[in-house]
Amino acid sequence: MKKPSGVILYHGPSALDQKRNIVVIATLSSKNRKTGNMVQVWILSKDTHPVQLSADKLDDVICGNCHHRQSLGGACYVNIGQAPAAVFNAYRRGLYPVYDPAIHAHLFKGRKVRLGAYGDPAAMPFEIAAHVVSLADGHTAYTHQQKHPGFDVRFLSLCMISADTPKQAAAAHAIGAKTFRIAVDITDKFDNEIQCLSDSNGTSCHDCGICKGSSAPVNIVIAVHGSRKGNFLNNRKAA
Ligand code: SF4
């Protein structure tokens with residue numbers, strides 16, 4: 001049987017809005033230079049093209065409370081019209097089979113998985129994310145949903161909390177979570193933070209793997225970057 005380029009891990013209600021459906025797709029090969037060749041897990045609307053979803057400001061179904069959404073004028077660095085659109089289009093063309101553990105589990109063995117190449121992992125059922133992570137050799141994941149009413153706190157074991165301020169990071173540390181903090185001044189670090197290894201020495205996430213949730217050995221801080229850096233600075237002032 002020909003190896004698929006990806007599999008559908010889940011389709012059904014979003015944990016962030018039970019009335020709307022999402023689809024969660026794992027694509028098996030990646031040329032992303034920052035992450036390296038990790039399995040990439042995409043959280044998309046089941047019914048609406050990601051560009052349209054953002055234009056209609058309905059992307060809370062996949063991104064929940066994240067105020068970096070481009071639909072809100074935020075700093076999200078994902079080019080929605082490229083990879084997320086390509087994955088959605090391939091899904092609509094029927095390119096991806098529905099995941100069957102008996103047939104597809106081996107595709108994750110020995111691999112590193114990035115949960116949330118687009119969309120927030122907490123939009124999917126925790127059991128799906130935990131299953132994929134249990135098969136893989138390592139993972140990275142980030143969430144903005146710790147204050148969302150639909151947030152399953154078990155995701156703290158898998159995900160770094162994305163923090164935009166030192167205050168947010170300190171609050172997360174107080175409940176035992178690990179953080180991935182975006183900073184304006186990278187020299188202003190907590191004692192329990194180190195700079196993202198991709199930023200400091202070009203290590204890929206595949207080779208680093210620190211960002212794995214509450215069992216991460218340390219918290220991460222990264223300098224604000226990307227073409228929407230100005231939006232981050234403006235939103236931060238408004239926060
Ligand atoms: S700290 Fe490591 S795993 Fe986390 S984003 Fe940076 S390179 Fe990737």
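Laboratory data are not the source of any read-out in this text; all were calculated from the coordinates shown. Note that the coordinates shown come from a computational prediction; the quantities given were computed from them, not determined experimentally. Neighbour counts are summed over all protein chains in view; Cβ atoms, including those assigned to glycine, are modelled from backbone coordinates with ideal geometry.
Of note:
- Cα pair distances exceeding 14 angstrom across region 82-154, given as percent: 68 percent
- Among beta bridges from DSSP that stay inside the chain, the antiparallel ones total about 40%.
- For region 1-124, dividing the convex hull volume of the Cα atoms by the residue count gives 104 Å³ per residue.
- The mean of 1/r over all pairs of different alpha-carbon atoms in region 6-235, once inverted, gives a Kirkwood hydrodynamic radius of 17.7 Å.
- DSSP-assigned coil residues among trypsin sites (Lys or Arg not before Pro) in region 76-130, each with at most 13 further Cβ atoms within 10 Å: 93, 109
- When the charge dipole of region 6-235 is built from unit charges on Cβ atoms (+1 for Lys and Arg, -1 for Asp and Glu) and taken about the Cα centre, the candidate among 150, 135, 67 whose Cα reaches farthest toward its positive end is 135.
- Net charge of neighbours whose Cβ lies under 13 Å from the Cβ of residue 62, counting Lys and Arg as +1 and Asp and Glu as -1: -2
- Counted charge near residue 36, where neighbours are those whose Cβ lies closer than 13 Å (Asp, Glu -1; Lys, Arg +1): +4
- Assigned charges on the beta-carbon of Lys, Arg, Asp, Glu; region 50-134 dipole about Cα centre (debye): 340 debye
- Positive-end ranking of 165, 102, 85 along the dipole of region 65-174, with charges on Cβ about the Cα centre, is headed by 85.
- Electrostatic dipole magnitude of the chain [Cβ: Lys, Arg +1; Asp, Glu -1; Cα centre; debye, to 20]: 460 debye
- Under 13 Å from a label point set 7 Å out along the Cα-to-Cβ vector of residue 21, the amide N atoms of region 91-105 belong to 92.
- Under the combined filter of DSSP loop state and at most 14 neighbouring Cβ atoms within 10 Å, region 147-192 retains these trypsin sites (Lys or Arg not before Pro): 147.
- Membrane-span-like helices in the chain, defined here as complete DSSP H runs extending at least 15 Å along the helix axis by their C-alpha atoms with mean Kyte-Doolittle hydropathy no lower than 1.0, are absent; this is a sequence and geometry rule, not a statement about a membrane.
- Amide H contacts for residue 181 (H built 1.01 Å from N in the peptide plane; partners 5 or more residues away or on another chain; cut-off under 5 Å): 163, 220, 221, 222.
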